[in-house]
Amino acid sequence: MDTMPGQDDSPAASYDPMRQFTELAGDVRDPYPMFAGIRADSPVLHVHLGPGSGGGSGLDRKAPRVPSVFTVTSHELAQQVLTDNARFSSAGYATTIGQVMGRSIIQMDPPEHLRHRALAARAFRARALDQWSDTIIGATIGELIDAFAGDGHADLVPQLTFPFPVRVIARILGLPEADWPRFLRLSTDLIAVMRDRDRAVAASQELRGYFAEIIADRRRHPRDDLVSQLIEAEVGGHRLSDDEIYPFLLLLLPAGAETTYRSSSNLLFGLLSDPGQLAAVRADRDLVPQAIEEALRWETPALTVARMATQDVELGGVRIPSGGFVAVSLGAANRDPGRYADPDAFDIFREDKQHLSFGDGTHTCLGMHLARLEMRMLLNAVLDRLPGLRLDPASDDVHIHGLLFRSPPNLPVRFDPAVRPHPFTGTIVR
Ligand code: HEM
């Protein structure tokens with residue numbers, strides 16, 4: 001997977017981050033009948049965690065015990081929880097991902113959350129993304145596809161969708177190309193926090209030291225990159241300190257890299273598994289945005305977001321005590337038959353109804369416009385540059401799996417090898 005230019009002389013250079021992700025996803029092929037069964041029984045499932053069932057999330061060994069988990073599976077109730085910060089707080093993330101990234105906006109409640117979010121939001125507005133589309137996103141996709149377009153076959157996960165978003169983030173942050181291999185290794189270690197907490201903590205510390213040098217440099221010599229924009233952002237007379245910038249930079253990796261790689265893979269899997277819909281999108285690129293939204297709904301990349309009840313609440317006829325841990329199943333909500341007809345079908349022509357893959361309410365994904373742009377540019381490039389694209393007929397077990405996160409571990413494909421001029425000699429190469 002290490003196709004980055006430059007040398008990584010660290011002892012971990014031979015370590016395979018892709019394997020971590022495949023293992024983390026688990027081999028649950030189809031959790032949807034289980035979600036449907038829970039939803040049919042009660043839209044809020046109450047699971048008592050008895051004595052000895054462990055505390056917190058398993059990440060923070062000192063975290064308080066979580067006596068009960070309330071899993072929300074209906075679309076309507078999921079939306080209700082996500083849009084009610086007063087009764088459902090995000091503070092519980094402090095005992096999970098907060099352990100490796102520090103106090104970032106994902107674990108803040110209003111009004112602190114709004115203040116911090118406003119400082120970062122400007123860079124991620126839909127209109128601001130033009131700055132990154134050709135120079136960063138297009139260039140990244142181009143160099144990844146260049147590496148295999150002449151071969152006539154590829155595995156699109158390790159060769160394209162997995163390295164794609166981390167490289168985009170490295171470029172958005174303005175990191176020197178020579179540092180990318182190290183950044184990629186540390187990023188993947190950090191993202192795999194649920195798998196190997198100690199490794200993630202070590203990566204978080206090393207990344208913090210690395211970002212400290214970058215921030216100090218941008219304070220001296222501001223540039224046209226996200227780190228400089230975060231340093232200079234000012235809302236209501238408030239600017240971010242270095243200690244507030246680190247957690248935001250660390251959050252971008254799990255929030256922006258893992259989700260986008262999985263959702264891009266799911267989009268390609270959905271289309272490749274249905275040649276009729278693939279042909280329709282190839283013929284009419286105006287269908288690309290609805291194919292993206294349907295892929296996000298159909299195979300939600302990050303299945304659950306967490307909240308904590310701030311008071312005793314009744315939800316869907318179930319009483320949740322103050323402090324109760326609420327797991328909002330975005331994956332189940334996105335397949336709620338009360339909202340979507342034939343919810344298990346991947347149908348890019350279905351009636352447009354907003355899904356919950358980017359969450360809802362004040363914490364709605366800050367990077368959703370960037371994610372949509374990345375997926376749109378990736379799909380268009382794949383269709384333009386890989387004619388005759390199809391799943392490799394020799395592979396009979398291409399599938400999506402996972403219970404916390406979902407995506408295909410591999411996407412072996414065949415296509416008509418591109419004929420392109422050699423960049424230096426101008427001769428035609430395959
Ligand atoms: C398809 C790809 C993506 C998906 C499915 C996704 C999903 C989500 C979800 C569900 C949340 C809400 C979490 C919650 O309410 O607890 C969220 C928040 C967030 N996402 Fe994304 N995300 C994606 C891409 C990105 C990208 C590309 C970035 C930036 C580079 C990003 C940055 C963030 C940030 C900073 C937050 C926290 C917002 C807040 O707390 O106010 N995401 N994302």
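The values are calculated or read from the model by the stated rules, or taken from the named source; none is laboratory data. On a predicted model such as this, the values are computed, not experimentally measured, just so you know. Positions of Cβ are generated from backbone atoms using ideal geometry, with glycine treated the same way; all protein chains shown enter the neighbour counts. Side chains are part of the model used for accessible areas, which takes the heavy atoms of the whole protein and leaves out ligands, DNA and RNA. Shrake-Rupley method; radii C 1.70, N 1.55, O 1.52, S 1.80 Å.
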*Among the residues of the range 109-136, which ones are in contact with a Phe, Trp or Tyr (Cβ under 9 Å, 6 or more places away or on another chain) and of a type in the set (A, V, I, L, M, F, W, C)?*
Leu119, Ala120
*Within the range 98-117, restricting attention to residues that are more than 10 Å from the ligand (Cβ to nearest atom) and of a type in the set (A, V, I, L, M), which residue is nearest to Asp189 (Cα to Cα)?*
Val100
*asked:* Go through (1) assigned to a helix (DSSP H, G or I); (2) open to solvent by 10 Å² or more (accessible area, probe 1.4 Å); (3) out of contact with any Phe, Trp or Tyr (no Cβ under 6 Å at 6 or more places or on another chain) for Asp151 and report which single condition fails.
replied: (1)
*May I ask you to verify whether Asp284 is under 25 Å from Ala118 (Cβ atoms) and open to solvent by 20 Å² or more (accessible area, probe 1.4 Å)?*
no
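How many residues are out of contact with any helix residue (DSSP H, G or I) (no Cβ under 9 Å at 6 or more places or on another chain) and assigned to a helix (DSSP H, G or I) if we restrict to the range 258-278?
Let us first name the residues in the range 258-278 that are out of contact with any helix residue (DSSP H, G or I) (no Cβ under 9 Å at 6 or more places or on another chain), namely 273-276.
Subset that is assigned to a helix (DSSP H, G or I): 275-276.
Count: 2.
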*Please go through the range 368-384 and pick out each residue that is open to solvent by 20 Å² or more (accessible area, probe 1.4 Å) and either near the ligand (Cβ under 7 Å from one of its atoms) or not in a helix (DSSP H, G or I) (or both).*
Met368
*Candidate set: the range 237-247, residues that are under 13 Å from Glu112 (Cβ atoms) and open to solvent by 50 Å² or more (accessible area, probe 1.4 Å); chosen: the one modelled with the highest pLDDT*: Glu244
_Residue pairs, Cβ under 8 Å, 6 or more apart or interchain, first in the range 357-386 and free of Cβ contacts under 8 Å to residues at least 24 places away in the same chain and farther than 18 Å from His113 by Cα, second open to solvent by 30 Å² or more (accessible area, probe 1.4 Å) and more than 9 Å from the ligand (Cβ to nearest atom). List them._
none
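Does Arg171 meet the test of being surrounded by fewer than 21 Cβ atoms within 10 Å (Cβ to Cβ), modelled with pLDDT under 95, of a type outside the set (Asp, Glu) and not in a loop (DSSP other than H, G, I, E, B)? Write out each step before concluding.
On the way: surrounded by fewer than 21 Cβ atoms within 10 Å (Cβ to Cβ): yes; modelled with pLDDT under 95: yes; of a type outside the set (Asp, Glu): yes; not in a loop (DSSP other than H, G, I, E, B): yes.
Yes; evaluated as a whole, the condition is true for this residue.
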*Within the range 107-119, can you find the residues that are out of contact with any strand residue (DSSP E or B) (no Cβ under 8 Å at 6 or more places or on another chain), surrounded by fewer than 23 Cβ atoms within 10 Å (Cβ to Cβ) and in a helix (DSSP H, G or I)?*
Glu112, His113, Leu114, His116, Arg117
_Residues satisfying the stated conditions in the range 75-100, i.e. modelled with pLDDT of 95 or more and open to solvent by 60 Å² or more (accessible area, probe 1.4 Å)_ = Glu76, Gln80, Thr83, Ala86, Arg87
*How many residues does the range 150-202 hold that are in contact with a Leu (Cβ under 6 Å, 6 or more places away or on another chain), among the small types (Gly, Ala, Ser) and free of Cβ contacts under 8 Å to residues at least 40 places away in the same chain?*
0
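Going by the structure shown, is Arg307 assigned to a helix (DSSP H, G or I) and either open to solvent by 40 Å² or more (accessible area, probe 1.4 Å) or within 16 Å of the ligand (Cβ to nearest atom) (or both)? Lay out the reasoning, then the answer.
Numbers: assigned to a helix (DSSP H, G or I): no; either open to solvent by 40 Å² or more (accessible area, probe 1.4 Å) or within 16 Å of the ligand (Cβ to nearest atom) (or both): yes.
Here the answer is no, as Arg307 does not meet what is asked.
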*asked:* Filter the range 343-367 down to the residues that are within 13 Å of the ligand (Cβ to nearest atom) and among the β-branched types (Val, Ile, Thr) and list them by number.
replied: Thr362, Thr364
*asked:* Step by step: first the residues of the range 317-344, then only those that are closer than 22 Å to Arg87 by Cα and in a loop (DSSP other than H, G, I, E, B), then the one that is least open to solvent (accessible area, probe 1.4 Å). Which residue is that?
replied: Gly324
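With respect to Glu258, determine if the residue is more than 21 Å from the chain's Cα centre (by Cα) and either open to solvent by 50 Å² or more (accessible area, probe 1.4 Å) or in contact (Cβ under 8 Å) with a residue 40 or more places away in the chain (or both).
Values: more than 21 Å from the chain's Cα centre (by Cα): no; either open to solvent by 50 Å² or more (accessible area, probe 1.4 Å) or in contact (Cβ under 8 Å) with a residue 40 or more places away in the chain (or both): yes.
It is false that Glu258 is more than 21 Å from the chain's Cα centre (by Cα) and either open to solvent by 50 Å² or more (accessible area, probe 1.4 Å) or in contact (Cβ under 8 Å) with a residue 40 or more places away in the chain (or both).
Any residue that is touching a Pro at 6+ places or on another chain (Cβ under 6 Å) and away from the ligand (no atom under 13 Å from the Cβ) - is there at least one of those in the range 227-244?
Taking every residue of the range 227-244 in turn, at least one turns out to be touching a Pro at 6+ places or on another chain (Cβ under 6 Å) and away from the ligand (no atom under 13 Å from the Cβ).
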